[in-house]
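Just so it is clear, none of the values below were taken in a lab; they were calculated from the coordinates. As the structure is a prediction and not an experimental result, all values here were calculated from the model. We place every Cβ from the backbone using ideal geometry, glycine too, and count neighbours over all the protein chains shown.
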Amino acid sequence: MTPIETIEAFIAAWDEYDLEEIYSFMADDIEWTDMPLSTVNGIDQVRAKMAMFPGVEACGFDTHHIAANGNVVLTERTDWFQMKGRKRVIKVMGTFELNDEGKIAKWRDYFDSAEFQREFGDLAEG
């Protein structure tokens, strides 16, 4: 697959919320950063972070634009999550760096922290 095809397949796995399929696109030593929130390193930390997502009923990544330069893929997306009875939506710019095996080695998502707080802040309250 080309780098763009890889990321499109990764996004399709999110649309199905198939966690094992999602993880299959990631390198064991992946670095995943949600700007401005946090960074996790390695597939075990990714799994732990995903386990903290409370009750995802469905989700999807709507890609508006995608471009690649070599093994780096850029996306402009609207991500949505159906959680605790409500659809939560956030606009995201994403950067994916693929390693020589075609796995995601670095993933950075950039989004507005105020929008994130408005959409997901109540989840921290339990």
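Considering only DSSP beta bridges where both residues belong to the chain, give the percentage that are antiparallel (nearest 5). Provide the component values of the computation, followed by the final result.
Numbers: 34 of 40 bridges.
If we restrict to bridges inside the chain, about 85 percent are antiparallel.
What value, in deg cm²/dmol to 500, does the helix sum -39500 (n - 2.57) over DSSP H runs of n ≥ 4 give at 222 nm once divided by the residues of the chain? Don't skip to the answer; put the middle values down first.
On the way: 4 runs with 37 residues, N = 126.
Only helices count here, giving -8500 deg cm²/dmol.
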What nm distance separates the two modelled labels at Arg47 and Met35, each placed 7 Å from Cα along Cα→Cβ?
-> 3.0 nm
Using a Förster distance of 41 Å, the FRET efficiency for Glu115-Asp28 (Cβ separation, nearest 0.05) | 0.80
